[in-house]
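So the structure is just underneath, and the comments pick up after that.
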Amino acid sequence: MIRIIVCTDENGLFAYNGLSLKPPPGDLKRFKQLTQNHVVVMGRITWESLPVKPLPDRINFVISSTEIDCFDDDFYQASDVNEAIEYSLNEWPDKHIYIIGGQHIYNEALPLADQIARTVIHGKVPNDCINREPRYFHIPSEGWQLTTVENYDNYDFEIYEKC
């Protein structure tokens, strides 16, 4: 199964001013629980933003045309999302593939995805706080069905299934 996992505000904004939105308390724990022992696919900028590289207990696939120096057994590199997904499906057919960003990677993976796991932080980042590089993820109105919603004080966790 190919899953997109993303955290946005109510406008679909997931990153701006060169930084990702700060996930609400508990969301990183959910991210770890969902992705642990599976494959995570990300772009180079997302890779560079990780505080720990590679993410432990996961197979890390980075999409980049530039060679990345990482000599860990859980690190792989591909030139595009299709290559990473095809390799992962062949090599680890029992594992889920999680697409974790950024915008280009989300856009490339959306037609291939079976599910979207989205955390929606209540509220919107004010426009006057966005100085550069706003990145958005929007779920198309057709072809996706909201199947699960978990409500919390400051955010909702949603699951969409391809239909």
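The values are calculated or read from the model by the stated rules, or taken from the named source; none is laboratory data. Source: prediction; values computed, not measured. Note that each Cβ is placed from the backbone with ideal geometry, even for glycine, and that neighbours are counted across all protein chains shown. In case anyone asks, the SASA skips ligands and DNA or RNA and just uses the protein heavy atoms, side chains included. Shrake-Rupley method; radii C 1.70, N 1.55, O 1.52, S 1.80 Å.
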**Message:** Given the criterion open to solvent by 20 Å² or more (accessible area, probe 1.4 Å), under 22 Å from Leu34 (Cβ atoms) and modelled with pLDDT under 95, identify the matching residue among Asp72, Asp94.
**Reply:** Asp72
**Request:** Could you tell me whether Pro134 is within 18 Å of Leu21 (Cβ to Cβ) and exposed (fewer than 11 other Cβ atoms within 10 Å of the Cβ)?
**Result:** no
**Request:** For segment 26-116, please list each of the strands (runs of 3 or more DSSP E) lying entirely inside it that holds at least 2 residues being of a type outside the set (D, E, K, R) and within 14 Å of the chain's Cα centre (by Cα).
**Result:** 39-43, 59-63, 97-99
**Request:** Return a yes/no flag: does segment 41-53 have any residue that is on the phi > 0 side of the Ramachandran plot and either open to solvent by 70 Å² or more (accessible area, probe 1.4 Å) or in contact with a helix residue (DSSP H, G or I) (Cβ under 9 Å, 6 or more places away or on another chain) (or both).
**Result:** no
**Fill in**
Of the conditions (1) modelled with pLDDT of 95 or more; (2) closer than 21 Å to Ile130 by Cα, the single one that Lys22 does not satisfy is (1)
**Asked** Within segment 123-135, is even one residue of a type in the set (A, V, I, L, M, F, W, C) and under 17 Å from the mean Cα position of the chain (by Cα)?
**Response** no
**Hits in segment 54-69 (condition: among the hydroxyl-bearing types (Ser, Thr, Tyr) and touching a helix residue (DSSP H, G or I) at 6+ places or on another chain (Cβ under 6 Å))** = Ser64
